[in-house]
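Let me give you the structure first, and then I'll get to my questions.
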Amino acid sequence: MTLASLKPLALALAVTVALAACQTTGAPVETAAAPEAAQPVVDLAALKTPIIAFQSSDLDAGISACTDLNGFVNGKWLAANPVPADRTTWGSFELLAERSLEIQQALVTSLAAKTDASGTQKLIGDVWATGMDETAINAAGLAPIQPMLDEIAALDSGEAIAAFLMKSYAKGQSYVFGFGPSPDFKNSTLNIAYAGQAGLGLPDTTYYSDDKHADIRVAYVAHLASTLKLAGADDATAAAQAADVMAFETRLAKASMSSEQLSRDVSLYYNPVSIDDADALTPNFKWSSFFEAQGLARPDMFSLAQPDFHKEVNAMLADVPAATWQAYLRVQTIDNAAPFLADAFAQENFNFYGKTLRGQQEMQPRWKRVLNTINGQMGEALGKEYVEVAFSPEAKERMQTLVTNLGEALKVRIEGLEWMGAETKEKALEKWAAFTPKIGYPDKWRDWSGLQTDRTSFVGNLMATNEFNYKFNLAKIGQPVDKTEWGMSPQTVNAYYNPLANEIVFPAAILQPPFFDANADDALNYGGIGAVIGHEMIHGYDDQGSRFDAKGNFANWWSDKDKTGFEQRTSQLVEQFNGYESIEGLHVNGKLTLGENIADLGGLAVAYDALQRELTNKRVAEIDGYGPDQRFFMNWATVWRRNFKPEELKVRLTTDSHAPANFRAIGAPSNMPAYAQAFDCKAGDPMVRSGDAKIAIW
């Protein structure tokens, strides 16, 4: 859970695709220098968390690579490494994230101890120190958010509730809907405002209606009642209000779109309207008044995404009793702040969202939770400290070479596509030529001048940071997009493609084994980070990324014939993943995961081609009895080495646009003749899809 009622809200477009979701404001910026030599505050060699690197000793000789690549490469490790009690998943990504947290812990501990800290170092130190002061947090109880609860208790009409929502947003406290800047779909050089659906306490709209989630609904209502009782309600009042809140959210859910709908139709985020038209659509919530309350000039237009949702909220302002609105806003406020409040509130929040919903058995230690909060609030500020100790110029240079090599291989593949006509192919190559890669860390760092923190209150610091971030984002609306900005911090173990900027981004923390190892052979690096690079590039050509042109504008650059051919191929991929049974009779949703599966299939193929180009005229000996092609595919599987708690897996099958890791390990290779050749697999083997079942797109 994030501090939703306190966080800065920017509409997260579904098409900004991560591997594992901007513009200038006139404020001064710091130019990023190349990272300096490692500081003694962090000894990378002394980190306790091991890394996962491919080792032939991990291979399970009892499982054939032609039957199950994931089992062959990862089975022994997965059996020996169950998910820790304070996690819901455990594997390559999580181990690197643990190492990143170790580094961050050393950094923030050092910063908090500095008596002369200034700038971002002081900000980080203040949030860390107050977040780690468990005694003060417990003594404060509900006091940090009591003023908000008092305001809610006084709301007596739809007009008062609408005014409260507007006033709260102006302080960076969000309810019911999401609001923030993003590039205009039709003019990607300019930021506009977007408002879209939000406000649900459960992971997806289907949780409010599907029979398979009935037990979760019962547990959620019990959690709401427990939260209200902690805040002082008696048993009867808490039970009645919890039932009212569930009915309220169920009504919102019926007017909302599911994760599947939003992930597979990016146009649902773009509904440009004038302020007058928006006011006419929701007369009980005047958007003209909302923009004024935020201190924003009246725009010519903004995107009122998912308009049916906003129409329903408008109706609810008129026909839902004020007491029910109060109960909803009260429990939202408490629940969203709970992880940062006294232990009783944090534990109740964890018991439902962590243990019941996702199967996590123990709450993470406070130091990890505080670091995760810092990363959510001022991740780039901490990232500046991180890269100075954990990312070398040599790693960045090697990555730049790999990106270039992958790009050349992709160009050749596009040029050679038999199913794509010349006109569409020309547009695809224009998009290829316009890719912007970002590696390691931003070229300029965000300015944090004006943010004030202290050593008094953890929640107080978070409120100040949320409001600061919200206003920072508001200042982008109506301004040119700053394409130097990053959507992830350098210490994040992930990567992403942003179609509105046509950029591929690789934070520093992912550039470690099994993804990247400067001392490893080419096969491992191309099967690891090479495939990741290819994956992000192919997102520019997946079912949603392909709806944006070279400049990042939402525009159709396909001929009708080529679009039909593309959709026929992608429908085959939907069926492939629909056929994978994950847990207790639940199958992967091939439509929900389509974009990621397209990126995996194309990205792995591009990386394989790039490896072959790299190995041209090179004599490469076997290593531990395996040739480079085999090691390429085996490291691809190592990347997807991951265990899941069953509860977590069930949530992801409904909400996650990524297929479970074991199916990602086998899905793309099973379509590649090069894989069958590498392991001498035959037609009919489970890892060999042949004939009409074999899928090739990019």
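Test ALA238 against the stated conditions and say whether it is closer than 20 Å to ALA327 by Cβ, at pLDDT 95 or above and not in a helix (DSSP H, G or I).
Spelling it out, it is not the case that ALA238 is closer than 20 Å to ALA327 by Cβ, at pLDDT 95 or above and not in a helix (DSSP H, G or I).
Give me the pairs, please: first residue somewhere in segment 573-584 and closer than 16 Å to ALA665 by Cβ, second residue anywhere and aromatic (Phe, Trp, Tyr) and assigned to a helix (DSSP H, G or I), beta-carbon distance under 8 Å, and either six or more positions apart or on two chains.
That search, which allows pairs on different chains as well, returns PHE577/PHE663; TYR580/PHE663; SER582/PHE663.
Sticking with this one: Would you check which residues across segment 444-473 are within 22 Å of the chain's Cα centre (by Cα) and within 26 Å of PHE391 (Cα to Cα) and list them?
Correct list: TRP445, ARG446.
Counting just the residues of segment 102-125 that are part of a loop (DSSP other than H, G, I, E, B) and open to solvent by 40 Å² or more (accessible area, probe 1.4 Å), which one comes out nearest to VAL41 (Cα to Cα)?
It comes out as LYS114.
Take the residues in segment 635-654 that are of a type in the set (A, V, I, L, M, F, W, C) and touching a strand residue (DSSP E or B) at 6+ places or on another chain (Cβ under 6 Å); name whichever of them is nearest to SER92 (Cα to Cα). Can you show your working first?
Start the filter on segment 635-654 by keeping residues that are of a type in the set (A, V, I, L, M, F, W, C), which leaves 636-637, 639-640, 644, 649, 651, 653.
Narrowing further to those that are touching a strand residue (DSSP E or B) at 6+ places or on another chain (Cβ under 6 Å): 644, 649, 653.
Values: PHE644: 12, LEU649: 17, LEU653: 20 Å.
Here the answer is PHE644.
Against the condition under 28 Å from the mean Cα position of the chain (by Cα), within 27 Å of ASP629 (Cβ to Cβ) and of a type outside the set (D, E, K, R), how does LEU59 come out, does it pass?
So LEU59 fails the test.
Condition first: buried (at least 18 other Cβ atoms within 10 Å of the Cβ) and either part of a helix (DSSP H, G or I) or modelled with pLDDT of 95 or more (or both). Now tell me which residues in segment 380-394 satisfy that.
GLU380, ALA381, LEU382, GLY383, LYS384, GLU385, TYR386, VAL387, GLU388, VAL389, ALA390
Okay, next question. On the basis of being open to solvent by 20 Å² or more (accessible area, probe 1.4 Å) and either modelled with pLDDT under 95 or over 26 Å from ALA85 (Cβ atoms) (or both), does ALA621 make the cut?
yes
Please name all residue pairs, on different chains or six or more residues apart, with Cβ atoms under 6 Å, provided the first residue is in segment 422-438 and is open to solvent by 30 Å² or more (accessible area, probe 1.4 Å) and the second residue is assigned to a loop (DSSP other than H, G, I, E, B) and among the hydroxyl-bearing types (Ser, Thr, Tyr).
GLU423/SER559
Counting only residues that are out of contact with any Ser or Thr (no Cβ under 8 Å at 6 or more places or on another chain) and not basic (Lys, Arg), which one in segment 640-660 is surrounded by the fewest Cβ atoms within 10 Å (Cβ to Cβ)?
Checked segment 640-660; the qualifying residue surrounded by the fewest Cβ atoms within 10 Å (Cβ to Cβ) is PRO646.
Give me the helices (runs of 4 or more DSSP H) completely within segment 126-197, filtered to those with at least 3 residues that are under 29 Å from the mean Cα position of the chain (by Cα) and farther than 18 Å from PHE302 by Cα, ordered by residue number.
Values: elements: 134-140, 146-153, 158-170.
Of the helices (runs of 4 or more DSSP H) lying wholly inside segment 126-197, those with at least 3 residues that are under 29 Å from the mean Cα position of the chain (by Cα) and farther than 18 Å from PHE302 by Cα span 158-170.
Mind listing just one residue for me: the one in segment 346-365 that is assigned to a helix (DSSP H, G or I) and touching an Asp or Glu at 6+ places or on another chain (Cβ under 7 Å) and, of those, most open to solvent (accessible area, probe 1.4 Å)?
ARG358
List every residue pair whose Cβ atoms lie under 8 Å apart, where the two residues are 6 or more positions apart in sequence or sit on different chains, the first residue falls within segment 348-375 and is of a type in the set (A, V, I, L, M), and the second residue, located anywhere, is in a loop (DSSP other than H, G, I, E, B) and at pLDDT 95 or above.
LEU357/PRO203; MET363/ASP86; VAL370/MET132
Taking segment 537-584 only, how many residues are under 25 Å from PRO660 (Cβ atoms), open to solvent by 20 Å² or more (accessible area, probe 1.4 Å) and of a type in the set (Gly, Ala, Ser)?
Going through segment 537-584 one residue at a time, the tally reaches 3.
The values are calculated or read from the model by the stated rules, or taken from the named source; none is laboratory data. Owing to the predicted nature of the structure, the values given are computational and were not obtained by experimental measurement. In this analysis, Cβ positions are derived from the backbone assuming ideal geometry, glycine residues included, and neighbour counts consider all displayed protein chains. Note: accessible area is taken over every heavy atom of the protein model, side chains too, but ligands, DNA and RNA are not part of it. Shrake-Rupley method; radii C 1.70, N 1.55, O 1.52, S 1.80 Å.
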